[in-house]
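Here the structure is laid out as C-alpha cells; the discussion comes afterwards.
The values are calculated or read from the model by the stated rules, or taken from the named source; none is laboratory data. Quick caveat: nothing in here was measured; it's all calculated off a predicted structure. Note: ideal-geometry Cβ built from the backbone for every residue, glycine included; neighbour counts use all protein chains shown.
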C-alpha cells in the first residue's frame with residue numbers, strides 16, 4: 001500500500017484555494033477513481049493521465065488507484081489537475097521520490113503524449129503560491145505570465161518528462177525570470193478630436209478625479225471618439241492595480257495576454273449584452289464586463305438601447321466597486337472598480353430640434369425613460385456634445401492642432417498627485433465624512449449649491465457628487481479651496497438629465 005500527496009490550486013472567483021491531491025494505490029482489480037466534487041473535465045483527466053504516463057514510458061500501476069481532491073466540498077474544474085495527478089501516481093508507485101514533491105505546487109493540463117498545455121488562472125495561482133512560500137511548476141506557455149508576480153518562484157516545463165527529470169534531480173528546469181520592462185502602450189490620442197472644447201474639458205475632469213461621465217448628442221459628434229481616448233490621459237497603473245486587473249483577465253474565458261500588462265482596460269460591450277455578460281455568472285462564476293473593466297473604462301454606447309435590467313445591475317458596483325455572485329454551491333466576489341462612460345442620443349432618431357427629426361414628445365420621453373433616475377443619479381457628470389462645425393473637419397495646420405493626450409495627461413497627473421497627498425484616493429472615492437473635511441465651501445457657496453439642488457430637483461447623492469467634481473476642478477488649477485467658479489462649473493455638469501437632455 002502506497003500513498004502520495006501533491007499540492008495544487010483551484011480557481012474560485014479571483015481566489016486560488018489550495019487543493020491537496022491524495023493518491024492511494026492498493027491491491028485489487030485494476031481501476032482508477034477520482035473523487036472530490038469534480039467537473040466533467042476533471043473526471044476525464046484519468047484518461048489523459050493514463051495515456052500521458054504510458055507514452056512517456058512510465059509504468060501505469062495495474063492496481064486499485066483512488067485519487068482524492070480535497071477539500072471535498074470545493075468545486076474543481078478544468079484540466080489544471082492533470083499534472084499533479086500524474087505526479088501523485090508516479091510518487092505513490094515509487095517511480096518518483098515522494099520527498100521531491102514537498103514545498104512545491106503543480107498545475108497543468110496533459111496531452112496524450114505527455115506534453116504540458118497552458119491553463120487559465122495562472123496569476124491568482126502564482127500569487128497564492130507565493131504567499132504560501134512554495135515553488136510553482138507550470139506549463140512553459142504560462143511561464144511569462146507567472147513572472148509578473150513579484151517574489152514568486154516558478155518553473156516552466158514543456159513536457160511531463162521535464163518535470164520528472166527536475167524532481168528526480170537529473171536535469172533542472174530553468175527558473176521563470178524573463179519579466180520584461182514596461183511595454184509601450186499606444187492609446188488613441190486626444191489630439192485627433194477636433195473642436196468639442198466643452199467635452200474635452202469634461203473628459204479631463206473625469207480623468208483627474210475618476211468621475212463617471214454621460215455624453216449626449218446627435219450621431220457623428222465624436223462621443224465614441226472622446227470615450228476611447230480617456231485611457232490615454234489616465235494615470236499609469238500601479239503595481240497593485242496591474243496585478244488586480246491581470247488577475248481578473250487571467251480567470252476569464254479570454255485569458256490574459258502579457259502585452260496587456262499595465263494597460264488600462266477599455267471595455268465596450270454591445271447593447272445586446274445580457275445581464276450575466278455584464279456582471280458575470282455561470283455555474284462556476286466567471287467575471288463579466290464590469291470586472292474586466294476593473295481599473296479601466298467601461299464604455300456603454302447607445303445607453304438607452306441596453307435592456308433596462310442590464311443597466312440596473314450596474315447601480316450597486318458603481319457605488320461599491322465590487323460584485324458578488326451567489327450560487328447554491330458557492331459565492332464568488334469579483335472586483336469592479338471601473339470608470340463609467342456612457343453615450344446616448346437626445347431622441348430615437350438622434351436629431352432632436354432639427355428639421356429632419358420627426359420624433360414625437362412621447363417617443364422622446366419613452367426613449368429617455370429607458371435610463372432610470374437612480375442610475376442617472378449615480379453618474380457624476382452629464383454633458384451635451386453638439387455637432388462639430390464643418391470648417392473644423394479640414395486638415396489642421398501645426399499651429400491649429402488640438403492638445404495632445406500627453407499634454408492633458410500632465411495636468412491630470414498633477415491633480416491626481418494632490419488627491420493622493422490629501423486622502424490617498426481619487427476624489428470620486430471620497431466617503432461622506434471625507435467630503436465634509438476636504439470639500440468645504442464658504443457660506444455663500446453652500447447657498448449656491450442648495451439653490452442649484454432645489455432648482456434642478458437633485459438628490460443628496462447628487463449633492464455629494466457635485467462637491468467631489470468641484471474638488472477635482474479645484475485640483476486641476478492647484479487651488480486649496482473650492483471657489484465659486486469651481487462649484488459653478490461642477491453644477492453645470494449636472495444640468496443635463498433624462499428629462500431635459
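When the range 379-402 is examined, which residues are found to be modelled with pLDDT of 90 or more and surrounded by 18 or more Cβ atoms within 10 Å (Cβ to Cβ)?
Let us first name the residues in the range 379-402 that are modelled with pLDDT of 90 or more, namely 379-386.
Residues satisfying the conditions are 379, 380, 381, 382, 383, 385.
From 6, 14, 23, 42, which residue is at pLDDT below 95 and in contact with a helix residue (DSSP H, G or I) (Cβ under 7 Å, 6 or more places away or on another chain)? Working first, answer last.
Values: 6 fails: at pLDDT below 95; 23 fails: at pLDDT below 95; 42 fails: in contact with a helix residue (DSSP H, G or I) (Cβ under 7 Å, 6 or more places away or on another chain).
When all the criteria are applied, what remains is 14.
For the structure I just gave you, tell me whether residue 490 is at pLDDT 95 or above and either in contact with a helix residue (DSSP H, G or I) (Cβ under 7 Å, 6 or more places away or on another chain) or on the phi > 0 side of the Ramachandran plot (or both). Break it down into steps so the answer makes sense when it comes.
Values: at pLDDT 95 or above: yes; either in contact with a helix residue (DSSP H, G or I) (Cβ under 7 Å, 6 or more places away or on another chain) or on the phi > 0 side of the Ramachandran plot (or both): yes.
Criteria met by residue 490.
Exactly one condition in (1) at negative phi; (2) assigned to a loop (DSSP other than H, G, I, E, B); (3) out of contact with any strand residue (DSSP E or B) (no Cβ under 7 Å at 6 or more places or on another chain); (4) surrounded by fewer than 18 Cβ atoms within 10 Å (Cβ to Cβ) is not met by residue 191; state its number.
Evaluating residue 191 over (1) at negative phi; (2) assigned to a loop (DSSP other than H, G, I, E, B); (3) out of contact with any strand residue (DSSP E or B) (no Cβ under 7 Å at 6 or more places or on another chain); (4) surrounded by fewer than 18 Cβ atoms within 10 Å (Cβ to Cβ) leaves (2) as the failure.
Taking the range 410-434 only, how many residues are assigned to a helix (DSSP H, G or I) and either out of contact with any helix residue (DSSP H, G or I) (no Cβ under 8 Å at 6 or more places or on another chain) or surrounded by fewer than 18 Cβ atoms within 10 Å (Cβ to Cβ) (or both)?
Of all residues in the range 410-434, those assigned to a helix (DSSP H, G or I) come to 410-423, 427-429, 432-434.
Right, trim to either out of contact with any helix residue (DSSP H, G or I) (no Cβ under 8 Å at 6 or more places or on another chain) or surrounded by fewer than 18 Cβ atoms within 10 Å (Cβ to Cβ) (or both) and you get 410, 413-414, 417, 420-423, 429, 432-434.
Residues meeting the conditions: 12.
So which pairs qualify, if the first residue must be in the range 97-126 and assigned by TED's automatic domain parsing to the domain that holds residue 23 and at positive phi, the second must be surrounded by fewer than 21 Cβ atoms within 10 Å (Cβ to Cβ) and part of a helix (DSSP H, G or I), the Cβ gap must be under 7 Å, and the two must be at least 6 apart or on different chains?
Taking only residues 6 or more apart or on different chains, the pairs are 114/55; 114/161.
Which residue, of 209, 220, is surrounded by fewer than 18 Cβ atoms within 10 Å (Cβ to Cβ) and either at pLDDT below 90 or in the same structural domain as residue 372 (by TED's automatic domain parsing) (or both)? So that I can check it myself, show each step before the final result.
Working: 209 fails: surrounded by fewer than 18 Cβ atoms within 10 Å (Cβ to Cβ).
Sole residue among the options that is surrounded by fewer than 18 Cβ atoms within 10 Å (Cβ to Cβ) and either at pLDDT below 90 or in the same structural domain as residue 372 (by TED's automatic domain parsing) (or both): 220.
Please go through the range 356-372 and give me each residue that is in contact (Cβ under 8 Å) with a residue 24 or more places away in the chain and surrounded by 15 or more Cβ atoms within 10 Å (Cβ to Cβ), ordered by number.
Within the range 356-372, 367, 368, 370, 371 qualify.
Can you pull out every residue in the range 226-253 that is over 30 Å from residue 151 (Cβ atoms) and touching a helix residue (DSSP H, G or I) at 6+ places or on another chain (Cβ under 7 Å)?
Quick first cut of the range 226-253, residues over 30 Å from residue 151 (Cβ atoms) only: 226-230, 232-233.
Selection gives 226, 229, 230, 232, 233.
Here are some conditions: (1) part of a helix (DSSP H, G or I); (2) out of contact with any strand residue (DSSP E or B) (no Cβ under 8 Å at 6 or more places or on another chain); (3) within 25 Å of residue 133 (Cα to Cα). Residue 204 meets all but one. Which one does it not meet?
Only one criterion is unmet by residue 204, namely (3).
Hey, does the range 126-143 have a residue that's in contact with a strand residue (DSSP E or B) (Cβ under 7 Å, 6 or more places away or on another chain) and part of a loop (DSSP other than H, G, I, E, B)?
yes
Without any contact (Cβ under 8 Å) to a residue 40 or more places away in the chain, assigned to a loop (DSSP other than H, G, I, E, B), over 27 Å from residue 342 (Cβ atoms) and not assigned by TED's automatic domain parsing to the domain that holds residue 371, is that true of residue 450?
On the way: without any contact (Cβ under 8 Å) to a residue 40 or more places away in the chain: yes; assigned to a loop (DSSP other than H, G, I, E, B): no; over 27 Å from residue 342 (Cβ atoms): yes; not assigned by TED's automatic domain parsing to the domain that holds residue 371: yes.
For residue 450, the condition - without any contact (Cβ under 8 Å) to a residue 40 or more places away in the chain, assigned to a loop (DSSP other than H, G, I, E, B), over 27 Å from residue 342 (Cβ atoms) and not assigned by TED's automatic domain parsing to the domain that holds residue 371 - is not met.
Condition check: under 23 Å from the mean Cα position of the chain (by Cα), closer than 24 Å to residue 35 by Cβ and crowded, with 24+ Cβ neighbours inside 10 Å. Does residue 121 satisfy that?
Details: under 23 Å from the mean Cα position of the chain (by Cα): yes; closer than 24 Å to residue 35 by Cβ: yes; crowded, with 24+ Cβ neighbours inside 10 Å: yes.
In short, yes.
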